[in-house]
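To start, the structure under review is shown below, and the notes come after it.
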Amino acid sequence: MLKDFAKLQTFLTVVKEKSFSKASAKLGISQPAVTQQIKFIEEYLDTRIVERKKNGIKLTKEGEDLYRIAIKLEKAINTSQKELLKIINKDFTFILGASYAIGNYVIPTYLGAIKEKIHNEVYMHVGLSNEIIDELEDKKIDVALIESPVFRDGIIYREWMEDELVLFSNQPLPKYLKKEDFFTFDWICRDENSHTRKLVSEAFEELEIDCSTFNVIGVVQSPTAVKETIMRSPKNAERPIVSVISRHVIEDEIAEGKLYESRMRNFRVHRKFYIAYSKDRKHDAFVNNVVDFLLTMRM
């Protein structure tokens, strides 16, 4: 069994995710396949290692012993993989695809570190989430970073960072908004293809706010255009000009007092960023190294 670390990797994933179904999603294999691999280990060792509970899983004593051994093996394999990458020394350009908020405001700081991680050049293409997944399917990019759950067959998705959508303006706003406040603003909105716009519309619907009656003065395509439009709008306007955006996009301006954010009391619009890559490349050393590094950046 030690010659086939994939089964032990499945075991480690089940333990870390505390769930067979979550391990299945993370590994990009079916849940029955996860169960089958755990069963194989138990038959090989002739002992029970995992017990399923209503709130997750629990390791038996033998399972805990196996977990400690598997962790040591995983560390040794990861160290060896780094050495192998140096031997391979493959000269190529690793291509990341990222949706707008991630590509323009989250990942640029880390491109140098990713380059060092794989000892190769890294190029990044920015676009809408569905466009980035199209390019991943067409093998034009190696790893996708998306803010919209564009789920398709043949692709592994890993939950990555937490994001929050906030209302903001270049004028001071109340810390918490009441429903009637939303109708006192002039609005800049994202285009209809934007996942952000869809989430915001769903949030207003949940709050029973009719956003179709808002005074919309502009529609733009990207979060950069939204931010720049708000920042350049008159600061003494009678009606504050507002929009909704990823907090990652404006956190520096918020800290510097150039922009102001607001929320509904006891209501948050959260979403997940995702890492995506082809199932065909789930054992690719370069993809694995980049994905592992990105997962250390979870916020």
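The values are calculated or read from the model by the stated rules, or taken from the named source; none is laboratory data. Treat the numbers as computed from the prediction; the structure is a model and nothing was measured. Glycine also receives a Cβ, built like all others from the backbone with ideal geometry; neighbour counts cover every protein chain displayed. To get the accessible areas, we keep the full protein, side chains included, count just its heavy atoms, and leave off ligands, DNA and RNA. Shrake-Rupley method; radii C 1.70, N 1.55, O 1.52, S 1.80 Å.
Scanning segment 178-228 for residues that are in a helix (DSSP H, G or I) and small (Gly, Ala, Ser) returns 201, 203, 212, 225. Does residue 141 fit the bill of being closer than 30 Å to residue 13 by Cβ and not in a loop (DSSP other than H, G, I, E, B)? So residue 141 does not fit the description; no.
Residue 104 meets each of the listed conditions (1) open to solvent by 40 Å² or more (accessible area, probe 1.4 Å); (2) modelled with pLDDT under 90; (3) assigned to a helix (DSSP H, G or I) apart from (2). Being touching a helix residue (DSSP H, G or I) at 6+ places or on another chain (Cβ under 8 Å) and either farther than 21 Å from residue 247 by Cβ or surrounded by 13 or more Cβ atoms within 10 Å (Cβ to Cβ) (or both): is that true of residue 183 here? So residue 183 fits the description; yes. For segment 154-210, which positions are touching a Ser or Thr at 6+ places or on another chain (Cβ under 9 Å), farther than 22 Å from residue 273 by Cβ and of a type in the set (A, V, I, L, M)? Once the filter is applied, which keeps residues that are touching a Ser or Thr at 6+ places or on another chain (Cβ under 9 Å), farther than 22 Å from residue 273 by Cβ and of a type in the set (A, V, I, L, M), segment 154-210 yields 173, 177, 188. When 22, 26 are screened for being surrounded by 17 or more Cβ atoms within 10 Å (Cβ to Cβ), within 22 Å of residue 154 (Cα to Cα) and free of Cβ contacts under 8 Å to residues at least 12 places away in the same chain, only 22 passes. Scanning segment 199-221 finds no residues that are in contact (Cβ under 8 Å) with a residue 60 or more places away in the chain and aromatic (Phe, Trp, Tyr). Restricting attention to segment 118-138, the residues being of a type outside the set (D, E, K, R) and farther than 23 Å from residue 191 by Cβ number 5.
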